[in-house]
Amino acid sequence: MREIGISPRFSRDKFVPLQTKQRYSTRDISGEVSLTLFFRGFVPFLSLADFVSRNKNLQVADLQRLKSCFGELVTATTSKFRNDLQETNQSLYKQTFEAFADYSHTWNKVHNFKIVGGMQYDTRYYRKNAISVDGNLSEDLNDFNLSAGSTYAVSGGQSKYKTLGVFGRINYDYDGKYLFEASGRADGSSRFWSHNRWGYFPSGSVGWRISQENFWEPMRQWWNNAKIRFSIGSLGNQQVSDYLFVQKINTNLTNGDFTFNGTDKLTYAREDAPVANDLTWEKVTTYDWGVDLAFLNNRLTFSGDYYVRNTTDMMMPGASLPGVYGASEPRTNAADMRTKGWELSFVWRDRTTLLNRPFSYSLRAGLGDYQTKVTRFDNDTRLISEHYVGEKLGDIWGYKIDGLFRTDEEAAEYTQKVDCSYFTKRIDATATRKGLHAGDPKFLDLNGDNKISIGKNTVEDPGDRVIIGNSLPRYSYTFGGDFSWNGIDFSILFQGVGKRNWYPSSGQANLFWGPYCRPHNTFLSQQLVDQVWSEDNLDAYFPFPRGYEAYSDNTNSHYTLTSPNDRYIQNVAYLRLKNLTVGYTLPVLKKYLQQIRIYFTGENLAYWSPMKKYCKYIDPEAAVSSSSYIENSGEVYNFSKVFSFGIDITF
């Protein structure tokens with residue numbers, strides 16, 4: 001049987017013009033050898049996968065002659081367009097060796113036993129070399145012989161790591177009723193010192209299929225399956241840099257502010273920040289209680305899980321060190337946390353007739369939630385700016401706002417009672433309307449000390465802040481269905497999050513704040529303009545227009561809009577039409593073809609979110625994306641609408 005698929009794809013994604021010429025090539029050479037032997041009940045397996053070489057070459061040429069928006073050629077003189085030519089070569093060598101064997105046996109047709117054991121060995125070597133020179137004489141020919149510049153730069157690097165793992169598993173069940181499994185593995189990694197190199201990760205599970213018992217027989221006609229289960233399992237994480245445990249000396253560093261001969265820049269070497277010599281594996285242990293049910297000849301199925309996940313020895317920077325220490329905090333196994341959550345799924349499948357034709361369909365839905373708390377971190381004073389024991393991961397501390405001042409008199413009266421200078425430093429330094437006025441936010445003095453502040457910045461004394469939201473998703477859900485009738489098939493899938501908050505406070509959330517962040521930006525949405533406060537729009541959502549009040553310069557971010565508050569925190573819950581597919585299978589002569597099916601598929605066709613009320617230009621998922629230009633700024637392309645038309649032909 002052969003299948004041919006033709007599927008052109010159309011996307012509404014944006015095209016970004018490049019300011020450079022790039023030439024990119026990759027060469028992969030790989031091979032694999034495997035051996036499997038079969039004996040009575042015993043099956044050994046041996047596999048050797050050798051990625052002999054993976055070479056990447058990248059050439060980048062920055063062109064000095066650019067085409068302006070009016071069409072003429074102009075010459076750029078900035079440092080980004082110096083006719084540079086750069087060539088980078090990267091090589092990756094990787095070998096993987098696996099060997100395992102399993103043995104299974106059944107006694108008296110009810111005792112089923114299986115054992116598996118094996119090992120895995122991985123090694124990887126990476127090397128990079130790069131050279132660049134300015135003054136390339138040609139825009140079409142990229143070669144270092146054509147470079148007349150005098151500025152050369154050479155860089156390189158290499159790294160290597162190895163892992164070795166040994167594992168085993170035992171399975172036993174009695175007549176499909178009582179289920180037992182125990183497994184374990186030991187892993188060693190070259191990314192840790194030899195005395196902390198090995199981690200041990202046991203797992204186990206038990207299950208009971210109650211519906212296989214004799215006493216279940218009266219209910220079997222309508223309650224087909226009932227199974228309860230419990231499992232405990234642990235996994236290890238060694239995702240750190242290859243030599244994090246080694247303190248390094250950086251060489252060939254230069255400082256252009258100093259010279260000993262009036263010409264050459266000062267070169268020097270510098271030690272890295274201190275490292276922890278006890279860094280070892282991070283460990284995740286999960287306890288899971290679950291139930292699986294099936295009713296009405298398996299037409300209705302249900303699965304539910306409740307789990308507790310303990311993450312111990314998390315690899316992260318430890319407690320903050322005083323400035324006089326002179327270096328950043330070393331990465332250690334500094335923290336533990338506990339996650340509690342649950343997941344539910346329902347599926348209904350049935351088959352009937354519609355207009356004397358078979359009609360089959362299925363409906364499915366899923367719902368889940370989790371919350372995570374920190375259970376260990378070295379922060380005895382419980383500073384809010386760091387993790388602390390009892391912290392609910394994702395909590396957002398912020399201020400309460402009682403609307404916007406409606407008149408200058410109201411603002412003056414309030415600021416005489418409550419000192420709001422914590423937020424007005426930029427206004428007082430640069431604005432002609434100094435202090436707070438009509439249209440500015442009215443921050444509430446929650447602790448009654450007649451000033452707005454962060455207090456001691458601790459959980460016990462947070463000043464006038466409270467927890468106003470949480471940035472992690474709650475109540476994630478999916479639902480959809482599949483239908484098939486008379487050659488027509490249809491499927492649809494919705495996906496969403498029921499609760500999540502986002503505050504656009506990164507200082508770069510331009511799409512949300514517009515001129516409040518960067519007044520020189522050329523894009524100004526009509527949606528924002530309609531919601532800006534003015535004397536004719538006293539009930540507006542956004543305050544009096546002040547430039548840079550939502551912009552953080554990383555030195556003093558305590559402005560009226562950079563500090564999280566309950567007025568401008570966003571509800572980024574959403575419902576998304578993730579996928580929709582419609583297809584039709586044409587009747588064909590089986591003598592020549594088995595099947596011809598034409599179809600249409602749409603992805604990310606629409607979404608609904610409360611945030612659209614205030615900003616429809618930021619996708620709620622993109623708002624919290626770590627892949628944005630600046631994390632959590634919303635400065636990222638939204639999900640593209642993708643339309644696919646295709647035909648599948650099966651011979």
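The values are calculated or read from the model by the stated rules, or taken from the named source; none is laboratory data. Nothing here was measured: the structure is a model prediction, and the numbers come from that model. Here the Cβ positions follow ideal geometry from the backbone for every residue, glycine too, while neighbour counts run over all protein chains shown. Accessible surface is based on the protein model in full, side chains and every heavy atom, while ligands, DNA and RNA are left aside. Shrake-Rupley method; radii C 1.70, N 1.55, O 1.52, S 1.80 Å.
Summary table below
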item	result
Sole exception among (1) surrounded by 15 or more Cβ atoms within 10 Å (Cβ to Cβ); (2) assigned to a strand (DSSP E or B); (3) not aliphatic (A, V, I, L, M) for Arg191, by number	(2)
Qualifying residue in segment 228-236 (condition: small (Gly, Ala, Ser) and part of a loop (DSSP other than H, G, I, E, B))	no
Residue list for segment 211-270, filter: among the polar types (S, T, N, Q) and either open to solvent by 100 Å² or more (accessible area, probe 1.4 Å) or at positive phi (or both)	Asn214, Gln221, Gln239, Asn252, Thr263
Unique match (being farther than 30 Å from Phe479 by Cα, touching a residue at least 24 places away in the same chain (Cβ under 8 Å) and either in contact with a strand residue (DSSP E or B) (Cβ under 7 Å, 6 or more places away or on another chain) or part of a loop (DSSP other than H, G, I, E, B) (or both)) among Thr601, Thr585, Thr562, Thr581	Thr562
Which listed residue is in contact (Cβ under 8 Å) with a residue 24 or more places away in the chain, part of a strand (DSSP E or B) and not acidic (Asp, Glu), from Leu253, Leu179	Leu179
Residue within segment 552-559 that is at pLDDT below 85, among the acidic types (Asp, Glu) and either out of contact with any strand residue (DSSP E or B) (no Cβ under 8 Å at 6 or more places or on another chain) or farther than 20 Å from Pro441 by Cα (or both) present	yes
Candidate set: segment 498-547, residues that are in a loop (DSSP other than H, G, I, E, B) and among the aliphatic types (A, V, I, L, M); chosen: the one nearest to the chain's Cα centre (by Cα)	Ala509
Qualifying position, being surrounded by fewer than 17 Cβ atoms within 10 Å (Cβ to Cβ) and closer than 23 Å to Leu244 by Cα, among Pro330, Pro322	Pro322
Residue check for Gly480: in a strand (DSSP E or B), in contact with a Phe, Trp or Tyr (Cβ under 7 Å, 6 or more places away or on another chain) and crowded, with 17+ Cβ neighbours inside 10 Å	yes
Exclusive hit being open to solvent by less than 60 Å² (accessible area, probe 1.4 Å) and under 19 Å from Asn89 (Cβ atoms), set Val110, Val133	Val133
Matching entry among Ala411, Ala365 (being part of a helix (DSSP H, G or I), among the small types (Gly, Ala, Ser) and either modelled with pLDDT of 95 or more or open to solvent by less than 20 Å² (accessible area, probe 1.4 Å) (or both))	Ala411
Check on Arg357, out of contact with any Cys (no Cβ under 9 Å at 6 or more places or on another chain), open to solvent by 80 Å² or more (accessible area, probe 1.4 Å), within 30 Å of Val582 (Cβ to Cβ) and at pLDDT 90 or above	yes
Top-ranked residue in segment 585-608 [being hydroxyl-bearing (Ser, Thr, Tyr) and in contact with a Lys or Arg (Cβ under 7 Å, 6 or more places away or on another chain); ranked as farthest from Ile488 (Cα to Cα)]	Tyr607
All positions within segment 519-544 that are in contact with a strand residue (DSSP E or B) (Cβ under 7 Å, 6 or more places away or on another chain) and within 16 Å of Asp408 (Cβ to Cβ)	Trp533, Pro543
Some residue of segment 624-635 being at pLDDT below 90, more than 18 Å from Ser471 (Cα to Cα) and of a type in the set (Val, Ile, Thr)	no
Whichever residue in segment 485-518 is among the polar types (S, T, N, Q), open to solvent by less than 50 Å² (accessible area, probe 1.4 Å) and in contact with a strand residue (DSSP E or B) (Cβ under 6 Å, 6 or more places away or on another chain) and, among such residues, is farthest from His558 (Cα to Cα)	Ser491
Candidate set: segment 105-146, residues that are part of a loop (DSSP other than H, G, I, E, B) and among the aliphatic types (A, V, I, L, M); chosen: the one nearest to Ser189 (Cα to Cα)	Val110
Pairs where the first residue, in segment 216-233, is farther than 9 Å from Ala294 by Cα and the second is among the β-branched types (Val, Ile, Thr) and open to solvent by 60 Å² or more (accessible area, probe 1.4 Å), C-beta under 9 Å, 6+ apart	Arg229/Val206; Phe230/Val206; Ser231/Val206
Per-region count, segment 271-284, residues open to solvent by 60 Å² or more (accessible area, probe 1.4 Å) and without any contact (Cβ under 8 Å) to a residue 60 or more places away in the chain	1
Qualifying residue in segment 590-597 (condition: of a type in the set (D, E, K, R), open to solvent by 50 Å² or more (accessible area, probe 1.4 Å), over 24 Å from Arg474 (Cα atoms) and part of a loop (DSSP other than H, G, I, E, B))	yes
Every residue from segment 194-209 that is within 24 Å of Asp292 (Cβ to Cβ) and crowded, with 17+ Cβ neighbours inside 10 Å	Ser203, Ser205, Gly207, Arg209
